[in-house]
Amino acid sequence: MGRRLAIIPARGGSKRIINKNIRDFCGKPMISHILESAIASKLFDCIHVSTESSDICKVVESMGLTVHFPRPVELADDRTPLMPVLKFVTDKFAAQGELFDQVWLLMACAPLIDANDFKGAADLFDSRGGAEPLLAIGEYPVPIEWAFSRLENGRIIPVMPGKFAIPSQDLGKKFFDTGSFAIYPSKFVRSSKGAGSDLGYIGYILPKYKAIDIDDEEDWKVAEALYRYLSSICL
């Protein structure tokens, strides 16, 4: 099992949804949901929010957590990959004598993820020896072979022409990165270069109702509706 470090990247300069990491989501700042789930799981030896924003720091500290050090401005651009952020944080802790065996990437805008999801993923990761990175994934609702691209004039073009005629059961299931969390062996992160790699992962399948990547206002509304419904049936 070893020591676990949870890193929550949370830039202050989101553009598609302004201040989305601390915007109110069903009565709480968005980031507080993932932090509460991380705390409730009791899995982590350290929880670190990587941010350059003083406003986000205030929200994190109001929950009794510590922002151990700020994220460098050069790693807070909207095109900065996440792996260099994980590497910076892991190396920074190592320089302070804090070493971890697992580095968990928890996304700030994943309010439907709960402690049990983390526990299930931890069990899968550990059962494989802790040597392979793990990604939380969701199943595409329809075969990706049926996908279309859409031109500005409204015309749609099949990405894989002719595949529409193949029954879905013959095409097999396909999965996507839910944008909620991932687990890495520490040495994987510390030896990474650039944006990292998408090869060699094992997949932890989330239920479809939790596999929502909140990128725009429509995603936000869907996630809010699901959260309220799930909260009502769990009372």
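Give the number of residues within region 1-35 that are basic (Lys, Arg), touching a residue at least 40 places away in the same chain (Cβ under 8 Å) and surrounded by 15 or more Cβ atoms within 10 Å (Cβ to Cβ).
Of the residues in that region, 3 qualify.
Please verify whether region 49-69 includes one or more residues that are among the small types (Gly, Ala, Ser) and open to solvent by less than 30 Å² (accessible area, probe 1.4 Å).
yes
Please find, among Pro167, Pro185, Pro161, Pro141, the residue that is touching a strand residue (DSSP E or B) at 6+ places or on another chain (Cβ under 7 Å) and not polar (S, T, N, Q).
Checking each option against the conditions leaves just Pro185.
Do we find that Thr90 is polar (S, T, N, Q), outside any strand (DSSP E or B) and closer than 20 Å to Ala182 by Cβ in this structure?
yes
Which ones in region 175-206 are modelled with pLDDT under 95, over 17 Å from Arg128 (Cβ atoms) and open to solvent by 50 Å² or more (accessible area, probe 1.4 Å)?
Passing the criteria: Arg190, Ser191, Lys193, Gly194, Ala195, Ser197, Asp198.
Considering only region 1-60, state which residues are in contact with a Gly (Cβ under 7 Å, 6 or more places away or on another chain) and among the charged types (D, E, K, R).
Listed by number, the residues that qualify are Glu52, Asp55.
Would region 150-169 turn up any residue that is in contact with a Ser or Thr (Cβ under 7 Å, 6 or more places away or on another chain), open to solvent by 70 Å² or more (accessible area, probe 1.4 Å) and assigned to a loop (DSSP other than H, G, I, E, B)?
yes
Which count do you get for residues in region 125-146 that are without any contact (Cβ under 8 Å) to a residue 60 or more places away in the chain, more than 21 Å from Met107 (Cβ to Cβ) and either within 19 Å of the chain's Cα centre (by Cα) or open to solvent by 40 Å² or more (accessible area, probe 1.4 Å) (or both)?
6
The values are calculated or read from the model by the stated rules, or taken from the named source; none is laboratory data. Keep in mind that this is a model prediction, so the values were computed, not measured. As a convention, Cβ positions derive from the backbone with ideal geometry for all residues, glycine included, and neighbour counts pool all protein chains shown. Just so you know, the surface numbers come from the protein's heavy atoms only, side chains and all, with ligands and any DNA or RNA stripped out. Shrake-Rupley method; radii C 1.70, N 1.55, O 1.52, S 1.80 Å.
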